[in-house]
Amino acid sequence: MITPGTNSFGDFHLPLGTWVAAIVDWITTYLSGFFDVVRYVFTWMDAWMEYFLSTPPFWVVVAILVVLAFVAKGWKLALGAAVGLLFIVSVGQWTNAMDTLALVIVAAGLAVVFSIPLGIWAARSDSASRIIRPVLDFMQTTPAFVYLIPALLLFRVGVVPGIVATIVFAMAPGVRLTELGIRGVPSEVVEAGAAFGSSPWRILRQIQLPLAKASIMAGVNQVIMLSLSMVVIAGMVGAGGLGEQIVASLNRIDVGLGAEAGLSVVVLAILLDRLTAALGGDSGRASRLFGRAKRKPTVTATPNAATAQTAATTEAVTDRQTVDA
């Protein structure tokens, strides 16, 4: 009979924790220079992003974001962006919100830079997909605090462990949805591009990526949303911003501060969600303007019936790619 709380294998114990600690000790001893460089680069990127967002008067940044919302979706999103951003200003959380936005932009940007090439690789190679998928499962299901511990040991307290933890936690949907979008491109379209003599790189760039744009942008949207969900954890390790304010409200049981910081996070999340959804969809104002500017009339000489048929087929494929893009 096994007593609850005891080891069912007797005295046997797998020393996994000891092995992991030894690996981390070896990394911190022999690869500390590499991680110091990574820490410096991430700190520099975050500092410059904070500078561009926090140095101008608040109304300049508000105006830029409102114009971006108007171009992306229209006056309704622009009005909502103005109201939400002015609310952040009115509760005194503007500087903290810009610090958080800088962290999210840096972390989500790096996660997208890593995830889209991995998704393309997984879509073009079944072997790579079989290797990447369990790694993504591990990254997505492991509690953030577990890999935050080695991040703290490698990068020390500050904004960098928060960025690293956010990248690891947020990049999985970007990889999955990029792979899903490229694999969902009809094989007939890819074969038509190959029949016209297009190289694999040109097929990827001009056919697969444009047709998979909606899925890829959905992945970008999810990366940004997951990045914002990590602001509290980033605040716990000294990243500052709204996450630090929420942690302070928890420590002091300050309901008012928690409400102000929490609602400011909600405003940023809704704004970024609507912007990325509008830029990724075909119904947005930016997509319509971009598509109209990109579409140009084509005049093709057709001296005989065979050449005319080939030209018509080429123009149809080109038009379909232009519209879908």
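Stick to the Cα atoms of the range 109-179, pair each with every other, and give me the Kirkwood hydrodynamic radius in Å at one decimal.
Numbers: mean 1/r = 0.0793 Å⁻¹.
After inverting the mean inverse Cα-Cα distance, the result is 12.6 Å.
Going out from 0 in 10 Å bins, what whole percent of all Cα-Cα distances in the range 70-227 drops into each bin?
Once binned at 10 Å, the Cα pair distances of the range 70-227 give 10, 28, 29, 21, 9, 2, 0.
Would you work out the relative contact order for the range 206-272, in percent, from Cα pairs under 8 angstrom that are 6 or more residues apart?
Details: 45 pairs, mean separation 15.1, N = 67.
For the range 206-272, the relative contact order is 23 percent.
If the viscosity is 1.567 mPa s and the temperature 4 °C, what Stokes-Einstein diffusion coefficient in µm²/s follows for the range 1-114 when Rh is the Kirkwood radius over Cα pairs? Spell out each step's value before the answer.
Working: Rh = 18.6 Å.
In µm²/s, the coefficient rounds to 70.
Relative to a virtual label point 7 Å from the Cα of residue 251 in the Cα→beta-carbon direction, which members of the range 220-235 show backbone nitrogen distances below 13 Å?
Once the point is set 7 Å along Cα→Cβ of residue 251, 235 turn out to lie under 13 Å by backbone N, inside the range 220-235.
Measure off 7 Å from each Cα along the Cα-to-Cβ vector at residue 34 and residue 194, then give the distance between these two points in nanometres to one decimal.
Distance between the two pseudo-spin positions: 3.7 nm.
Suppose accessible area is computed on protein heavy atoms with a 1.4 Å probe; arrange 179, 50, 191, 244 from highest to lowest. Show your work: numbers first, answer last.
Values: 179 15, 50 50, 191 120, 244 90 Å².
Largest accessible area first, the list is 191, 244, 50, 179.
Quantify, in whole percent, the carbon and sulfur part of the accessible surface of the range 38-135 (1.4 Å probe; protein heavy atoms only). All intermediate terms of the calculation are to be shown ahead of the outcome.
Details: 3930 of 5180 Å².
Solvent-exposed carbon and sulfur of the range 38-135 make up 76 percent of the total.
Go ahead and run the numbers for FRET between residue 27 and residue 140, Cβ-Cβ distance against an R0 of 22 Å, rounding to 0.05.
Numbers: r = 23 Å, r/R0 = 1.04.
The value I calculate is 0.45.
Would you mind working out the magnitude of the charge dipole of the range 6-118 relative to its Cα centre, with +1 at each Lys and Arg C-beta and -1 at each Asp and Glu C-beta, to the nearest 20 Debye? Could you put the intermediate results ahead of the total?
Details: 3 positive and 6 negative charges, 116 e Å.
I would put it at about 560 debye.
The values are calculated or read from the model by the stated rules, or taken from the named source; none is laboratory data. This structure is a prediction, so every number in the text was calculated from the model and none was measured. Glycine also receives a Cβ, built like all others from the backbone with ideal geometry; neighbour counts cover every protein chain displayed. For the accessible areas, the whole protein counts, side chains as well, though only heavy atoms, and no ligand, DNA or RNA atoms are used. Shrake-Rupley method; radii C 1.70, N 1.55, O 1.52, S 1.80 Å.
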